[in-house]
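This report concerns only the one structure given below.
No value in this document is a laboratory result; all are computed from the given coordinates. Bear in mind the structure is a predicted one, so any value in this text is a computation, not a measurement. Counting neighbours? That spans all protein chains shown, and the Cβs are built from the backbone with ideal geometry, glycine included.
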Amino acid sequence: MEKIRPILKNTLPGDYVGAGTVTTSLAGAPYYTVNIPWRNESREILATRAAGLADTPGVGDRVLCVSGGDGAVYITLLLEKVAPAAECDGAGGPDDRAGAATVYRDGARLLEVRDRRGELIFEYDPGNDRSRIIVNRGTLDVSAPGGDIRFNAGGRIHLQGSMVELSAGTLPGTAPSRFSLGPFRSTLQAPSLDVRSGQGRIELDEAEYRGKRLVSSVARARLAWGRLESLVDSLIQRARTSFTTVEELSQTRAGRMRTLVAGAFRMKAERASLKTGKSFDIDGERINIG
């Protein structure tokens, strides 16, 4: 077994065990730099290949790192071997690591595609016929001009971003429907909107409605207002039976007032007073007083 002198420069806890990615290696020497996730950031560490490890890690391989009691970090296991990446067309510089690679992980063959920074953006598992897209930076476009795009999940479908926008309707002569969900304001625009539900509840601190026409059909309604002010140009009310109860004062102020009753008209009060500025006429076939 070869003798390996470890690099004793270690900034990790003495009980650290974790996976990392080899970023550089020295030709013919068992020393590497490994990128590992540490708390909320990535850290580049110096590591030494353990004497008992027969495999030789390469750049891009996933390895298991363990802190030793001597203050060094050892690579004890090769977790994932990355095949040489396919070269990309274009004017890629020496730091351009974009390409596709075949990876063997847990006995399964995977296809990986990485961007120019070496970050994983696509993974395909032919054994399970499963694809995964990862875009840490940049823009992702999903397009199906000749077909449909379907999202199906047994659990929740979660969309998160600084702003979420949905748009539908590209037929000529029709206005598209748009839904925009932002951090401080959300908007919904559509030529026609239908909302159907067995039960519903809306809570708004302030609400404003503006429209040209409103038609409401409700089997039973109950309104509780602290204060209600209505301003209308013409008010027409029709009811089969109407009951109004006012605990204190009920006042009507009008330029003219007329009450038409087809049957009997009865007014009852503890005290009554009728006063006119000019004339007071009573006309009836029979008038009973007392």
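Points worth noting:
- Using θ = phi - 60° in the Karplus curve 6.51 cos²θ - 1.76 cosθ + 1.60, the 3J(HN,Hα) couplings for the stretch 206-211 round to 9, 9, 9, 10, 9, x Hz; x is entered for Gly and Pro.
- In sequence order, calculated HN-Hα J values of the stretch 135-142 (Karplus, 6.51, -1.76, 1.60; Hz; x Gly/Pro): 10, 7, 9, x, 10, 10, 10, 10
- Value in Å of the Kirkwood radius, where the chain supplies the Cα pairs that are averaged: 29.3 Å
- Note on the stretch 17-79: semi-axes of the ellipsoid equivalent to its C-alpha gyration tensor, largest first and rounded to whole Å, are 17, 13, 10.
- At R0 = 25 Å, FRET efficiency that the Cβ-Cβ distance of residue 190 and residue 142 yields, to 0.05: 0.60
- Top positive-direction residue, dipole computed over the chain with Cβ charges, set 260, 35, 121: 260
- Residue 111 versus residue 204: modelled label distance in nm, points set 7 Å from Cα along the beta carbon direction: 5.2 nm
- Under Karplus coefficients 6.51, -1.76 and 1.60, residue-wise ³J(HN,Hα) of the stretch 72-81 in Hz, glycine/proline x: 9, 10, 10, 8, 9, 8, 8, 7, 8, 9
- Structure remark: mean-square fluctuation, Gaussian network model of the chain, C-alpha springs under 10 Å; the largest value among 189, 160, 199 belongs to 199.
- Cα→Cβ-extended label distance, 7 Å offset, between residue 175 and residue 79, nm: 5.4 nm
- Just checking the listed ones, 178, 210, 43: in the Gaussian network model of the chain with Cα springs under 10 Å, the one fluctuating most is 210.
- Take the Cβ atoms of residue 158 and residue 220, set R0 to 35 Å, and the FRET efficiency comes out at 0.35.
- Note on the chain: GNM, Cα springs under 10 Å; of 222, 49, 150, the largest mean-square fluctuation is that of 222.
- Computed on the Cα atoms alone, the convex hull of the stretch 117-175 gives a volume of 174 cubic angstrom per residue.
- Between residue 267 and residue 19, the distance separating the two model label sites (each 7 Å from Cα on the Cα→Cβ line) works out to 9.0 nm.
- Net +/- balance of residues flanking residue 66 in space, Cβ distance below 14 Å, scoring K and R +1, D and E -1: -1
- Taking Cα centre as origin and charging only the Cβ of basic (Lys, Arg, +1) and acidic (Asp, Glu, -1) residues, the dipole magnitude of the stretch 152-290 rounds to 420 debye.
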